[in-house]
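The values are calculated or read from the model by the stated rules, or taken from the named source; none is laboratory data. All of these numbers come straight from a predicted model, not from anything done at the bench. Positions of Cβ are backbone-derived with ideal geometry, glycine not excepted, and every protein chain shown enters the neighbour counts.
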Protein chains: 2
Amino acid sequence: MSEVAELPLIGAAALRARSAARVLRTLPTDTKDAALAAMAEALVERTEEVLAANAADVDAAAEAGTPASVLDRLRLDAGRVAGVADALRQLVALPDPVGDVVRGNRLPNGLELKQVRVPLGVVGIVYEARPNVTVDAAGLCLKSGNAALLRGSASAYRTNTALIAVLTDAGEKAGLPAGFVELLPAERASVGELLNARGYVDVVIPRGGASLIQRVVREARVPVIETGEGNCHVYVDASADPAIAEAVVLNSKTHRVSVCNSAETLLVHRDVPFLPRLLAALAGAGVTLHGDDAARAAHDTVVPATDEDWATEYLSMDMAVRIVDDLPQALEHIARWSTGHTEAIVADSAAAISEFTAGVDAAAILVNASTRFTDGGEFGFGAEIGISTQKLHARGPLGLPELTSTTYVVTGRGHTR
Amino acid sequence: MSEVAELPLIGAAALRARSAARVLRTLPTDTKDAALAAMAEALVERTEEVLAANAADVDAAAEAGTPASVLDRLRLDAGRVAGVADALRQLVALPDPVGDVVRGNRLPNGLELKQVRVPLGVVGIVYEARPNVTVDAAGLCLKSGNAALLRGSASAYRTNTALIAVLTDAGEKAGLPAGFVELLPAERASVGELLNARGYVDVVIPRGGASLIQRVVREARVPVIETGEGNCHVYVDASADPAIAEAVVLNSKTHRVSVCNSAETLLVHRDVPFLPRLLAALAGAGVTLHGDDAARAAHDTVVPATDEDWATEYLSMDMAVRIVDDLPQALEHIARWSTGHTEAIVADSAAAISEFTAGVDAAAILVNASTRFTDGGEFGFGAEIGISTQKLHARGPLGLPELTSTTYVVTGRGHTR
């Protein structure tokens with residue numbers, strides 16, 4: 001375990017959270033749900049206070065020359081505050097994973113074996129200038145019985161402080177222990193402390209771009225769940241239906257370009273007869289295509305692609321295009337360049353679909369459907385704290401059960417070996 | 001991803017394993033089972049070759065002054081080789097986790113959602129001078145569709161080389177891809193390379209003592225599953241049945257002292273009337289007791305305990321003893337000193353049992369049963385690669401399902417958002 005002395009920025013908050021976690025793990029669902037409802041109500045009641053803090057953040061960010069798209073994510077209004085309050089209320093309706101018996105049976109010697117879901121304990125979350133994440137993360141952690149250590153962006157610090165004050169007041173009045181949610185200082189060094197707080201933090205979930213993920217991989221001595229990067233491919237097989245291919249490819253690329261489940265590379269079997277029409281549709285929708293020679297031969301606006309294009313998560317109206325000889329070549333390409341987030345196939349051949357789903361190693365594989373469906377809400381999980389691109393613990397959308405661990409409870413009557 | 005150039009010792013083996021993993025993930029159960037059976041048969045047939053290599057290892061270790069207990073774990077004979085071959089055959093009988101549908105449903109929009117178990121990919125295992133682990137690990141990884149990178153002790157290198165030659169020959173003849181199992185060089189630096197082989201290795205499982213675990217925590221840039229350290233407690237409540245208490249405490253401490261699920265500290269409620277008899281029974285069984293003042297007052301052979309005793313995983317015929325005022329004080333002690341492996345309570349009060357199981361944060365909680373039951377074989381999992389003391393991914397005995405990840409396969413008919 002680290003010493004508190006080594007954590008000057010976050011040590012006190014981490015100790016409060018650790019102490020709160022011991023209480024939270026034993027709270028009945030009713031108490032947690034009542035607190036969530038009270039927190040939602042308090043957010044609506046104290047909207048003005050939150051908006052005043054947010055205005056100060058937005059003004060400071062605007063003065064610092066922050067791009068409009070980032071300002072937009074930072075900015076709250078009464079409607080957005082009502083929206084995050086609603087998200088808390090929706091958590092009330094979701095089942096509490098804590099106490100679920102994952103498996104259980106009586107062993108031959110009479111011992112009763114149960115594997116039971118328990119909270120992880122203290123969950124650290126590092127994220128960007130999106131104040132809604134502050135409330136979502138606090139709510140998800142609470143419902144799953146965890147204490148939350150939130151490290152938001154410095155540019156949202158006033159907003160987050162106001163939000164956490166509201167959540168803390170309402171939560172503690174509703175019976176939650178002090179420290180059930182803690183906002184960490186926005187100094188850069190507080191991330192480093194969080195990543196090294198062994199014994200205080202049970203998991204850290206970074207929500208952010210590639211540079212944050214890389215820092216976490218390099219520095220973390222606590223367990224982490226990687227989320228984020230999605231270099232997603234859509235493979236169009238020779239057997240694909242033309243209308244389905246066009247709909248899925250366009251939706252995957254253009255529905256919302258800035259998110260991790262949008263498509264970045266299109267792989268097309270060389271026998272697909274409608275390639276020119278497909279590329280024309282993408283170009284017509286405003287997509288800049290970066291292709292290999294065969295793609296450039298099929299449509300005249302395609303610019304040349306390099307390995308850099310295969311590797312890039314554009315998050316923009318750009319798409320790489322490669323024509324492949326066959327499905328195995330598509331699988332090779334995906335194995336080399338994929339970040340393991342979401343891969344899609346459009347095909348009518350059951351054999352091709354089966355080969356693709358067996359051969360692709362990713363959190364989600366979409367068959368004749370848009371990559372945009374990889375999402376906790378779309379999957380029916382009700383809420384998500386991110387989309388895991390790692391293989392251990394949880395892969396894909398992280399819902400409430402993914403914020404838990406398990407304990408084996410084994411009951412005997414004096415059993416010995 | 002690391003560059004191969006950065007992995008001079010293990011790069012070539014890691015590449016072979018990574019390539020094998022792509023084939024292994026698609027192999028039907030029949031092929032894997034036939035290979036396991038063939039490997040078992042080959043081990044028995046080529047026992048002499050294995051024993052000759054083992055004799056060279058044992059001689060070298062004996063000359064180097066290796067303790068007898070370590071030599072014993074290193075030494076093979078025909079019976080032990082037959083035993084590891086049998087363990088492979090037992091894997092044939094276990095269900096293959098790959099392809100299991102963990103959950104599945106049709107979403108309101110008609111999309112079919114399935115969460116399916118898939119292999120992790122390449123599993124690295126670092127372990128000590130126990131040649132049986134070489135065969136067990138290779139078999140568990142194969143059955144779960146993973147390629148195995150094995151880093152055994154230098155003192156067992158000749159034995160491991162002979163074992164892997166047998167497994168490789170038999171496995172490849174039975175249709176497994178080259179690289180399905182690879183023995184890594186025994187140089188110290190190969191562990192460091194393995195812990196940094198991002199992109200090549202999907203998880204590393206260290207099986208060893210505290211120093212190995214600490215090194216892994218410090219150095220690993222790949223995902224790890226921590227196994228091992230067990231500072232396990234038995235709490236005897238005021239409501240405990242005397243006979244059950246004596247049986248459980250003695251079995252937990254003395255059945256096999258060198259293993260992670262043996263008990264190290266005894267916590268006794270101050271109202272337990274049979275404390276002197278319990279301590280006398282332990283002392284009579286040859287256990288050296290290290291106790292607080294109240295324990296020392298109850299039995300005259302108890303030597304004084306310090307904080308060091310509460311922290312120590314003795315792995316010997318020693319036991320720390322503390323008399324607590326009540327169950328919450330026992331929970332406080334456990335929260336402070338436990339390694340989260342196994343904690344036991346002996347009690348007849350349902351309220352006490354419930355408070356204990358809710359309040360303890362550990363991989364396994366034993367109620368009126370010996371700590372020694374925390375074991376994959378005892379739990380009916382058939383085989384284990386270790387006992388995880390971490391909260392993410394897998395906690396407790398690691399069986400075949402714990403060597404898998406999952407993929408969401410989502411099937412539509414041109415679905416878009």
Flagged in segment B:351-373 as of a type in the set (Ser, Thr, Tyr) and either more than 15 Å from A:Val409 (Cα to Cα) or within 7 Å of chain A (Cβ to nearest Cβ) (or both), in numbering order, are B:Thr357, B:Ser370
With the condition kept exactly as written, say whether any residue in segment B:400-414 is hydrophobic (A, V, I, L, M, F, W, C), within 7 Å of chain A (Cβ to nearest Cβ) and under 30 Å from A:Ala347 (Cα atoms).
-> yes
Considering only segment A:114-137, how many residues are touching a Gly at 6+ places or on another chain (Cβ under 6 Å) and surrounded by fewer than 20 Cβ atoms within 10 Å (Cβ to Cβ)?
-> 2
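Taking segment B:248-296 only, how many residues are outside any loop (DSSP other than H, G, I, E, B), touching a residue at least 24 places away in the same chain (Cβ under 8 Å) and hydrophobic (A, V, I, L, M, F, W, C)? Outline the logic, then answer.
The initial filter retains those residues of segment B:248-296 that are outside any loop (DSSP other than H, G, I, E, B), namely B:248-254, B:263-269, B:275-284, B:288-291, B:293-296.
Filter once more, keeping what is touching a residue at least 24 places away in the same chain (Cβ under 8 Å): B:248-254, B:263-269, B:275, B:277-279, B:281-282, B:288-291, B:294-295.
Still in the running and hydrophobic (A, V, I, L, M, F, W, C): B:248-250, B:263, B:266-268, B:275, B:278-279, B:281-282, B:289, B:294-295.
Total meeting the criteria: 15.
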Test: residue in segment A:400-407 that is in contact with a helix residue (DSSP H, G or I) (Cβ under 7 Å, 6 or more places away or on another chain) and not small (Gly, Ala, Ser) = yes
Matching residues in segment A:193-241 - criterion: being out of contact with any His (no Cβ under 7 Å at 6 or more places or on another chain), more than 14 Å from chain B (Cβ to nearest Cβ) and among the aliphatic types (A, V, I, L, M) = A:Leu194, A:Leu212
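Please specify each residue of segment B:203-216 satisfying the condition of being crowded, with 16+ Cβ neighbours inside 10 Å and closer than 17 Å to A:Ala220 by Cα. Let's see the steps before the verdict.
Filtering segment B:203-216 for residues crowded, with 16+ Cβ neighbours inside 10 Å gives B:203-208, B:212-213, B:215-216.
Selection gives B:Val203, B:Val204, B:Ile213, B:Arg215, B:Val216.
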Of the residues in segment B:327-352 that are out of contact with any Ser or Thr (no Cβ under 7 Å at 6 or more places or on another chain) and either free of Cβ contacts under 8 Å to residues at least 60 places away in the same chain or not assigned by TED's automatic domain parsing to the domain that holds B:Asn251 (or both), the one that is surrounded by the most Cβ atoms within 10 Å (Cβ to Cβ) is B:Leu331
With the checklist (1) hydroxyl-bearing (Ser, Thr, Tyr); (2) outside the structural domain of A:Cys260 (by TED's automatic domain parsing); (3) farther than 30 Å from A:Asn146 by Cβ in hand, flag the one item A:Thr406 doesn't pass.
-> (3)
Here is a list of conditions, (1) at pLDDT 95 or above; (2) surrounded by fewer than 18 Cβ atoms within 10 Å (Cβ to Cβ); (3) within 20 Å of B:Ile345 (Cα to Cα), and B:Val259 meets all of them except one; can you say which number that is?
-> (1)
Leading residue by the ranking (farthest from the other protein chains (Cβ to nearest Cβ)) among those in segment A:382-398 that are over 14 Å from A:Gly228 (Cα atoms) and in contact (Cβ under 8 Å) with a residue 24 or more places away in the chain = A:Ala383
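Please verify whether B:Ile244 is in contact with a His (Cβ under 8 Å, 6 or more places away or on another chain) and either more than 9 Å from every other protein chain (Cβ to nearest Cβ) or crowded, with 18+ Cβ neighbours inside 10 Å (or both), treating the condition exactly as stated. Let's see the steps before the verdict.
Details: in contact with a His (Cβ under 8 Å, 6 or more places away or on another chain): no; either more than 9 Å from every other protein chain (Cβ to nearest Cβ) or crowded, with 18+ Cβ neighbours inside 10 Å (or both): yes.
So B:Ile244 fails the test.
In segment A:1-99, which helices (runs of 4 or more DSSP H) lie fully inside it and hold 3 or more residues that are within 24 Å of the chain's Cα centre (by Cα) and assigned by TED's automatic domain parsing to the domain that holds A:Val116? I'd like the intermediate steps shown before the answer.
Values: elements: A:11-24, A:29-45, A:47-63, A:68-74, A:78-93.
Because the criterion is at least 3 residues that are within 24 Å of the chain's Cα centre (by Cα) and assigned by TED's automatic domain parsing to the domain that holds A:Val116, the helices (runs of 4 or more DSSP H) in segment A:1-99 that meet it are A:11-24, A:29-45, A:68-74, A:78-93.
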Over segment B:353-373, the set of residues touching a His at 6+ places or on another chain (Cβ under 7 Å) and either assigned to a loop (DSSP other than H, G, I, E, B) or surrounded by fewer than 23 Cβ atoms within 10 Å (Cβ to Cβ) (or both) is B:Ala362, B:Ala363, B:Ser370
Of the residues A:Gly179, A:Gly228, A:Gly175, A:Gly199, which single one is under 30 Å from A:Glu355 (Cβ atoms) and in contact with a helix residue (DSSP H, G or I) (Cβ under 9 Å, 6 or more places away or on another chain)?
-> A:Gly228
Give segment A:174-201 a look and list any residue that's crowded, with 21+ Cβ neighbours inside 10 Å and under 14 Å from B:Val217 (Cβ atoms), or say none.
-> A:Leu195, A:Ala197, A:Val201
